[in-house]
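Novice: The following block contains the structure, expressed as structure tokens.
The values are calculated or read from the model by the stated rules, or taken from the named source; none is laboratory data. Remember, it's a predicted structure, so these values are computed and weren't measured experimentally. Cβ atoms come from the backbone with ideal geometry, glycine included; neighbour counts cover every protein chain shown.
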């Protein structure tokens, strides 16, 4: 569609690389495998290669059988997980980049910025982007970069698919973007649904406090928000909460008494239930502060230290089992922290948890607005609290969340060499090319939250490998450290066991033939 710009229109926004992209003609073998796997996952069959020659008398081939519990169960199948890892990056996008930015738009501005715009056969199809939207475009580029910082090795795959649009059309690209958008939506929906019936997270001490009247587990949320005589105390901003009688948290024993009643109502509470009080995102809910810390003369005191946001963060990233009491036995094998290979709390994660926490207490499901309450404004305002990295409150709060969510378990997570199916860093080590690498150093560098330049990730990867400390070399041989061998036993022995079993099976098959 042709869009004619008025005479006084601003200059069209041009990508830094304004020329049409050039198709990549050479890809290394691992990238080719990942690209082929991605195309096959999106419905494009593999090209026919003709019948394979079979050696006379051969009846079996060497197959490595790995137990399901083996830390190397994905060792030979990482290439087939390309689409899964890209959809995992999309889930990371909604949880740690922005739940309100569109991945489809990020997949437009990001590739155009880094790899050039596709040539349009009709020169009249020029869309003028207002100057006011240029800053928003840059934010989408940053969002694209942050999303792919979790899967930097797949950038060449995505780049090739983007450049192939010129020759092959946009069908496969559109399918990929659609799957990533659906994955992001499903992740956000799963988080919202999983938190829905965990209202106990709002209690200062769930072991001794209860929610009264109790909220039944049902689809309808009409009995939450300001309608609930107890939840409203956490839901309201402090400027409105002080208009209610003081909150007395009921105990399990007192709720059984016939003389115990819900917190007393008053005229302001009646106005709340009638919908006569307007709530806005410019005022934070009371649960943003730790209990008994709110001070209108010192709003930083206790801000974002309430238990609800902390528990929502744990619920989302380190599994619901860790929400109330933290990590007792390290980071669980199955959780979003391992899925995304993320072990550092940042401001976007806190903003997402803050929005999810308020929605959990409200009468609505996920939506951008609840009447006059704008959830996107709430998310942005939380991020604005951390804009100044030199603000003591900002870095102290981030450090507090880091300790409370991951604590000392981060070291264990980063030294764990067992990848999960959709981990953002899957290390493929062929049996004939095992190297003495320090997994601790490599994983710590790869899991850093410092954004990786999409156009330089290969050189960064080489830099990481070069920075790995190696053992002393003597007569052109690498000496093995006893401590390294000891530390490797729990993971190397299952692999050796499996290789031995596969070799015996192969020999047996050959004898039978």
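Novice: Name the residue that is nearest to residue 358 (Cα to Cα), counting only residues in the range 213-229 that are in contact (Cβ under 8 Å) with a residue 24 or more places away in the chain and in contact with a helix residue (DSSP H, G or I) (Cβ under 7 Å, 6 or more places away or on another chain).
Specialist: Checking each candidate, the answer is 225.
Novice: Further question: Please verify whether residue 80 is surrounded by fewer than 18 Cβ atoms within 10 Å (Cβ to Cβ), more than 17 Å from the chain's Cα centre (by Cα), within 19 Å of residue 179 (Cα to Cα) and modelled with pLDDT of 95 or more, treating the condition exactly as stated. Walk me through how you get there before you give the answer.
Specialist: On the way: surrounded by fewer than 18 Cβ atoms within 10 Å (Cβ to Cβ): yes; more than 17 Å from the chain's Cα centre (by Cα): yes; within 19 Å of residue 179 (Cα to Cα): yes; modelled with pLDDT of 95 or more: no.
In short, no.
Novice: For residue 177, are the conditions met, namely being at pLDDT 95 or above and closer than 21 Å to residue 38 by Cα?
Specialist: On the way: at pLDDT 95 or above: yes; closer than 21 Å to residue 38 by Cα: yes.
Here the answer is yes, as residue 177 does meet what is asked.
Novice: Something else about it: Which residues, taken from the range 290-304, are under 18 Å from residue 347 (Cβ atoms) and in contact with a helix residue (DSSP H, G or I) (Cβ under 7 Å, 6 or more places away or on another chain)?
Specialist: Selection gives 300, 303, 304.
Novice: Also, quick follow-up: Taking the range 289-325, which residues are in contact (Cβ under 8 Å) with a residue 40 or more places away in the chain and within 18 Å of residue 383 (Cα to Cα)?
Specialist: To start, the set of residues in the range 289-325 that are in contact (Cβ under 8 Å) with a residue 40 or more places away in the chain comprises 289, 291, 294, 296, 300, 303-305, 307-318, 320, 323-324.
Passing the criteria: 289, 300, 303, 304, 305, 308, 309, 310, 312, 313.
Novice: Moving to a separate point now. Test each condition in (1) modelled with pLDDT of 95 or more; (2) closer than 25 Å to residue 348 by Cα for residue 153 and report the one that comes out false.
Specialist: (1)
Novice: Still on this structure, please answer the following. Is it true that some residue in the range 330-350 is modelled with pLDDT of 95 or more, surrounded by fewer than 18 Cβ atoms within 10 Å (Cβ to Cβ), part of a helix (DSSP H, G or I) and assigned by TED's automatic domain parsing to the domain that holds residue 409?
Specialist: No: zero hits.
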